[in-house]
Amino acid sequence: DRFRESYRPQYHFTPPEKWMNDPNGLLFHNGTYHLFYQYYPEDIVWGPMHWGHATSKDLIQWEHKPIALYPDELGLIFSGSAVMDIDNTSGLGTKENPPMVAIFTYHLMAGEQAGRKDFQTQGIAYSLDEGDTWTKYDGNPVIGNDGIKDFRDPKVMWHEASGKWIMSLVAGDHAKFYSSSDLKDWKLESEFGRENGAHGGVWECPDLFPLQVEGSDEQQWVLLISINPGAPNGGSGTQYFVGDFDGKKFTTTQKETKWLDYGTDNYAGVTWNGLPDDERTFIGWMSNWTYARDTPTEVWRSAMTLPRKLTLHQNDKGYYLKNFPVNQIENYTQEPSLQTNGKANVLTGEDFNQNRINFEIDEKLQDFKVTFSNEAGEKLQLGYNAEKANFFVDRTASGKVDFQADFGKEVHFAPSIATSETENTFSIFIDASSVEFFVNGGAVVMTEQIFPTQPYTSISFEGDVTYKDITSSKIERIWD
Ligand code: FRU
């Protein structure tokens, strides 16, 4: 049956078959959300990259489209972004029918195999039919390479104040910013990051955008940088910087490293172009390079996170991002089917692997533990450890874990952000092979893959707290 194989997510995006990694070319245009993605159509492990394509009217239900970009003599098609060139600045379309332009990295396998360092360059392609068919620009590459081994993942945005296109690009241990007036000629403006943030691995998939601080008129600039390895719980993760961008240079006074998600499975995430600034919508690849190729699915491999709204907040410790599933998910969330309250609670009577669980804790945060379990004796636990002031996800016995040595080895932690705001509302989105744990509307987030061999049929709530308003609601399946 279509999209009913074991572990197949029922309300998260997956390709119909074969390997997927990063989201690419996120663009909202003419009422349609475009999601392109790193895709290898021949196997369920990484291979010569293409851009897969899907569209949606609401970010939840997706229509699969034909492959958008194929490798060519300049290389494989690595990650990148897409813009609507409304004024036809590139001349690749017309004023009447402006082009959709994709900006991506070419990865030349032969160059890499020959031991050269200049095998990644930046190219563009355009579509005059809403992203259905694409033509590569005949002047590619638009940015060549003079010897930088990791030089990739262009994210382009229109910068209103300077009237220019701005590209963020990564170069191993830092980001580079370029400007252009036509998407073809690019000028290097500045660099950022050699002395900032985490450097346990290579910088990948940058994203630069403005965001207003909630409850004020103040605007800041946010720079997302994925890093692999070097994430707080091992392998791949996404850090961010809050600062200023003047059209040429990104600067920040931020001292500490901030992470968008402390779970092990939210990587290479970026935001949609083409939305109003107060709708900064993010999606990440729900995997980790440490074991991405080993997970126990057979027809396809890996899913995207739920699309999430990013908001910027400020407390006594500085700025922080929240990320939380977009409102549209409410349209797929049924009325709660189970409800309870009190000290110790158990929910049973249905399968919980296509559900949203909400609860609150009234008093000060104390130890608590929520355990999902099934008849095979598999257990997924998450909660809070007061002594360590950490939230945790424990998937060590959550189902199939032995397909790779690190996957089920350790319990994963997220520091409490200990704000003046008490951390007392919790949401858990659980699907066939993932759990997304949100504290206070996304102030602390942990996203993790899980592979229970049967659905969880019981949830127990324990600890030193009194639970309030525990609800469990079904989320509707998004595939016909
Ligand atoms: C991130 C990444 C990108 C690269 C792509 C290749 O996961 O390594 O840096 O463009 O995947 O598929």
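Observations
- When residues of region 91-124 are limited to those that are aliphatic (A, V, I, L, M) and not in a strand (DSSP E or B), the one farthest from the ligand (Cβ to nearest atom): L92
- Within region 256-301, the residues that satisfy the criterion of being of a type in the set (G, A, S) and surrounded by 24 or more Cβ atoms within 10 Å (Cβ to Cβ) are G263, A268, G269, G284, S287.
- Hits in region 220-233 - residues which are away from the ligand (no atom under 16 Å from the Cβ) and among the polar types (S, T, N, Q): Q220, N233
- Answer from W19, W51, W46 - the residue that is part of a loop (DSSP other than H, G, I, E, B), within 14 Å of the ligand (Cβ to nearest atom) and of a type in the set (F, W, Y): W46
- D217 vs. criteria more than 18 Å from F245 (Cβ to Cβ), out of contact with any strand residue (DSSP E or B) (no Cβ under 7 Å at 6 or more places or on another chain) and more than 16 Å from the ligand (Cβ to nearest atom): no
- I77 within 16 Å of the ligand (Cβ to nearest atom) and exposed (fewer than 15 other Cβ atoms within 10 Å of the Cβ): no
- Exclusive hit being away from the ligand (no atom under 16 Å from the Cβ) and either in contact (Cβ under 8 Å) with a residue 12 or more places away in the chain or within 26 Å of V101 (Cα to Cα) (or both), set T281, T290: T281
- Selection status of M157, under 25 Å from G247 (Cβ atoms), more than 16 Å from the ligand (Cβ to nearest atom) and within 21 Å of the chain's Cα centre (by Cα): yes
- Candidates N30, N88: the one that is without any contact (Cβ under 8 Å) to a residue 24 or more places away in the chain, away from the ligand (no atom under 14 Å from the Cβ), assigned by TED's automatic domain parsing to the domain that holds G139 and over 27 Å from A110 (Cβ atoms) is N88.
- On the stretch given as region 125-154, residues that are over 25 Å from the mean Cα position of the chain (by Cα), closer than 19 Å to K187 by Cα and in a strand (DSSP E or B) total 1.
- Region 339-358, residues that are within 30 Å of the chain's Cα centre (by Cα), closer than 20 Å to R395 by Cβ and in a strand (DSSP E or B): N355, R356, I357
- Filter result (surrounded by fewer than 17 Cβ atoms within 10 Å (Cβ to Cβ) and among the basic types (K, R)) within region 341-368: K343, K364
- Residue among L211, L183 that is part of a loop (DSSP other than H, G, I, E, B), away from the ligand (no atom under 16 Å from the Cβ) and touching a residue at least 40 places away in the same chain (Cβ under 8 Å): L183
- Counting residues in region 173-180 that are modelled with pLDDT of 95 or more and on the phi > 0 side of the Ramachandran plot gives zero.
- Residue selected from region 379-399 under the condition in contact with a Ser or Thr (Cβ under 6 Å, 6 or more places away or on another chain) and closer than 18 Å to S6 by Cβ, by the criterion surrounded by the most Cβ atoms within 10 Å (Cβ to Cβ): L380
For every residue, the table says whether it meets (1) closer than 24 Å to L76 by Cα; (2) crowded, with 20+ Cβ neighbours inside 10 Å; (3) of a type outside the set (S, T, N, Q).
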| residue | (1), (2), (3) |
| --- | --- |
| G147 | yes, no, yes |
| F151 | yes, yes, yes |
| P154 | yes, yes, yes |
| E160 | no, no, yes |
| K184 | yes, no, yes |
| E191 | no, no, yes |
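- Selection within region 220-250: residues that are free of Cβ contacts under 8 Å to residues at least 60 places away in the same chain and not in a strand (DSSP E or B). The member of this set that is farthest from D277 (Cα to Cα) is G230.
- Residue among S460, S472 that alone is surrounded by fewer than 17 Cβ atoms within 10 Å (Cβ to Cβ), modelled with pLDDT of 95 or more and assigned to a strand (DSSP E or B): S460
- Residue match in region 255-267 (condition: closer than 14 Å to P206 by Cα, away from the ligand (no atom under 14 Å from the Cβ) and not assigned by TED's automatic domain parsing to the domain that holds E436): yes
- Of the listed requirements (1) over 18 Å from the mean Cα position of the chain (by Cα); (2) surrounded by fewer than 20 Cβ atoms within 10 Å (Cβ to Cβ), Y319 misses just one: (2).
- When G201 is tested against (1) away from the ligand (no atom under 16 Å from the Cβ); (2) surrounded by 15 or more Cβ atoms within 10 Å (Cβ to Cβ); (3) within 25 Å of the chain's Cα centre (by Cα), only condition (1) is not met.
The values are calculated or read from the model by the stated rules, or taken from the named source; none is laboratory data. Since the structure is predicted, the reported quantities are computational estimates derived from the model, not experimental observations. Every residue, glycine as well, gets a Cβ built from its backbone with ideal geometry; the counts of neighbours run over all protein chains shown.
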